[in-house]
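Presented below is the structure to which this report refers.
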Amino acid sequence: MKSNFSEIIKDDKPVLVDFYADWCGPCKMLAPILEDAKSELGEGVKIVKIDVDKNEALAGKYQVKGVPTLILFKNGEQIWRQSGVLQKAEIVQLVKSHQ
C-alpha cells in the first residue's frame, strides 16, 4: 500500500484518508457517514480507508495517534486533519472548500 499511497494522494482533486481500526467503535460510526459524503460529492473527491493495524508504518509517518483520524490531501500535500467523527455536512463542506 505504501508505494501506491504516495501516488494516490498526489491527485489534483481532494483525497480524504480515513485512518481507522476494525476494533474502533467511532470508526464504525464514521464509515456510513463517509459513504454518504462520497455519494453526494461523487467524482469530486477520493476517499481512502487505511487500517492502522495493517499499515503501521504509514500511520506512523503521518503521526496518527488515535482513530479515526481524517487527513485531507491535495497534490500530495496535507491540507487538513482532524481526529474523531465528523458529520456528513462538515465533510462535504470541507471537501468543497478545497476542490
Open item on the list: Of all residues being part of a helix (DSSP H, G or I) and at pLDDT 95 or above in the stretch 1-30, which is surrounded by the most Cβ atoms within 10 Å (Cβ to Cβ)? Just the residue, please.
Closed with: LEU30
Open item on the list: Can you tell me how many residues within the stretch 59-99 are touching a helix residue (DSSP H, G or I) at 6+ places or on another chain (Cβ under 6 Å) and surrounded by 15 or more Cβ atoms within 10 Å (Cβ to Cβ)?
Closed with: 7
Task: Residue tally, condition within 15 Å of VAL85 (Cβ to Cβ), surrounded by 13 or more Cβ atoms within 10 Å (Cβ to Cβ) and not acidic (Asp, Glu), over the stretch 32-50 - done: 5
- [ ] Determine the pairs where a residue that is over 19 Å from ALA21 (Cβ atoms), located within the stretch 83-96, has a partner that is modelled with pLDDT under 95 with Cβ atoms under 7 Å apart, the partner being 6 or more residues away or on another chain.
- [x] VAL95/GLY44
Open item on the list: Looking only at the stretch 34-58, count every residue that is closer than 14 Å to TYR20 by Cβ, more than 12 Å from the chain's Cα centre (by Cα), of a type outside the set (Asp, Glu) and not in a loop (DSSP other than H, G, I, E, B) and tell me the total.
Closed with: 1
TODO: Tally the residues that are among the charged types (D, E, K, R) and part of a loop (DSSP other than H, G, I, E, B), restricting the search to the stretch 59-89.
DONE: 1
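The values are calculated or read from the model by the stated rules, or taken from the named source; none is laboratory data. None of the values given here were measured: they were computed from a predicted structure. So basically every Cβ, Gly included, is an ideal-geometry build from the backbone, and we count neighbours across all protein chains shown.
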